[in-house]
Amino acid sequence: QRLAVSEQERARAAEEQQRRETVANLTAQARRLTQQGKYEEALAIIDQILVIDRDNDYARGARDLVFDRWQLERQQ
């Protein structure tokens, strides 16, 4: 039984590590797109981050800013 618990813990840890790596990669991609002025694409990536980690500080903070930039660009 301890072996089964240990395997579950290892699987959970691996899954968490994969989630963190995915969020880190998406964050880098969103930042790159924002710097390139591709706000709509950046928003889509930020939304993906929030689906994976709804409490992600970067995504929660950046979403409104990127959205505002996108709206301004569309208006011009």
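Structure above, values below:
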quantity: Cβ-defined net charge surrounding A24, 12 Å radius [Lys, Arg +1; Asp, Glu -1]; calculated: +1
quantity: Helix-only mean residue ellipticity at 222 nm for the chain, each DSSP H run of n ≥ 4 adding -39500 (n - 2.57), per residue, nearest 500; calculated: -31000 deg cm²/dmol
quantity: Per-peptide average of other Cβ atoms within 10 Å, ordering 29-35, 14-20 highest first; calculated: 29-35, 14-20
quantity: For the chain, alpha-carbon Rg over 2.2 N^0.38 Å; calculated: 1.47
quantity: Rounded percent of accessible protein surface that carbon and sulfur make up, the chain, 1.4 Å probe; calculated: 46 percent
quantity: Per-selection Kirkwood Rh - region 36-76 (Cα, Å, 1 d.p.); calculated: 10.3 Å
quantity: Among V66, V51, V23: highest mean-square fluctuation, GNM of the chain, C-alpha pairs under 10 Å; calculated: V51
quantity: Inter-label distance for A13 and E40, nm, one decimal - labels placed 7 Å from Cα along Cα-to-Cβ; calculated: 4.5 nm
quantity: Accessible surface, the chain, averaged per residue in Å² (probe 1.4 Å); calculated: 78 Å²
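The values are calculated or read from the model by the stated rules, or taken from the named source; none is laboratory data. Quick caveat: nothing in here was measured; it's all calculated off a predicted structure. All Cβ positions, glycine included, derive from the backbone under ideal geometry; neighbour counts span all protein chains shown. These accessible areas exclude ligands, DNA and RNA; they are computed on the full protein's heavy atoms, side chains included. Shrake-Rupley method; radii C 1.70, N 1.55, O 1.52, S 1.80 Å.
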